[in-house]
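A.B. asks: This structure is in structure tokens; I'll ask about it shortly.
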Amino acid sequence: MAQVGMEIWVIDSLAGRRSLVTSQLSAMGYPALPLDPTDRFPEAYGRAVIAMINDDGDVVDRVLDWRNQRPISCVVYSDSLKAKRAAELVRRGVNELMDWPWQQHDLSDALLTARTGLSSFGSAEKEGTSARERVEALSPREREVLGGVMIGKTSRQIAEALNLSHRTVEVHRINCFRRLGVNTTADAVRLGKVSGCFKFSIEI
């Protein structure tokens, strides 16, 4: 169930998809408020907000700009997210990126990440997290993608091996790097090796 005092907004210009996402969240016990990007966002009065946002126009930037006023965790989804745009969103502080359409377990994982982001809002980042803990915190798919990266494969090669689209692999790769707390491929590979627990799960 949603946390007391927490709101979930679904911001999408497509009414049908907005309604579908709202219904999915409701079925999971997360009552959500559907909003069109042109709507005036409601005052949260200090309550924490998880914003599920379709990446369309400047709506993501508008929500991120509110972060200095209230706890907001952003989950951005798109059916055409480019790697460059995804990297920009991560740098801006988006908590999770998702491909549309998604699987139910992907939505559950995204909400967990978003809620974790809310729980640490305004506090200093915890230090001393081991490489092992960070690798173990990755989703199974993110570990598969990291495995391909560690053996020197390109995103297209990984996509072919996992029967995924190139764009989907790029999104997993960006989410993986963000969760590991690294910005470069070299750092991701080094951290994976240092963890001592990484198991390659794909053969290319």
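Read-outs throughout are calculated quantities, based only on the coordinates presented, and are distinct from any laboratory measurement. What you are looking at is a predicted structure, and each value in this text was computed from that prediction instead of being measured. Note: ideal-geometry Cβ built from the backbone for every residue, glycine included; neighbour counts use all protein chains shown.
A.B. asks: Region 6-119: Rg/Rh from Cα coordinates, Kirkwood Rh?
C.D. replies: 0.91
A.B. asks: Then there is this: Send over the Kirkwood Rh of region 131-195, from the inverse of the averaged 1/r over different Cα pairs, rounded to one decimal Å.
C.D. replies: When all Cα pairs of region 131-195 are included, the Kirkwood radius is 11.4 Å.
A.B. asks: On to the next question. Over the C-alpha atoms of region 65-104, what are the Rg and the largest Cα-to-Cα span, Dmax, in Å?
C.D. replies: Looking at region 65-104, its Cα Rg and Dmax stand at 11.4, 32 Å.
A.B. asks: Further, regarding this structure: Check cross-link reach from K82 to the aspartates and glutamates: straight Cα distance under 20 Å, and skip same-chain residues fewer than eight apart.
C.D. replies: Reachable aspartates and glutamates: D12, D55, D56, D58, D61, E96, D99, D106, E142, E160, E170.
A.B. asks: Let me ask another. What nm distance separates the two modelled labels at E88 and V194, each placed 7 Å from Cα along Cα→Cβ?
C.D. replies: In this crude label model, E88 to V194 measures out at 3.1 nm.
A.B. asks: Using the Kirkwood radius built from alpha carbon pairs, what does the Stokes-Einstein equation give as D for region 55-122 at 25 °C and 0.890 mPa s, in µm² per second? Don't jump to the answer; show the numbers that get you there.
C.D. replies: Details: Rh = 12.5 Å.
For these conditions, the coefficient is 196 µm²/s.
A.B. asks: Once you place label points 7 Å from the Cα toward the Cβ at A27 and D58, how far apart are they in nm?
C.D. replies: It works out to 3.6 nm between the two label points.
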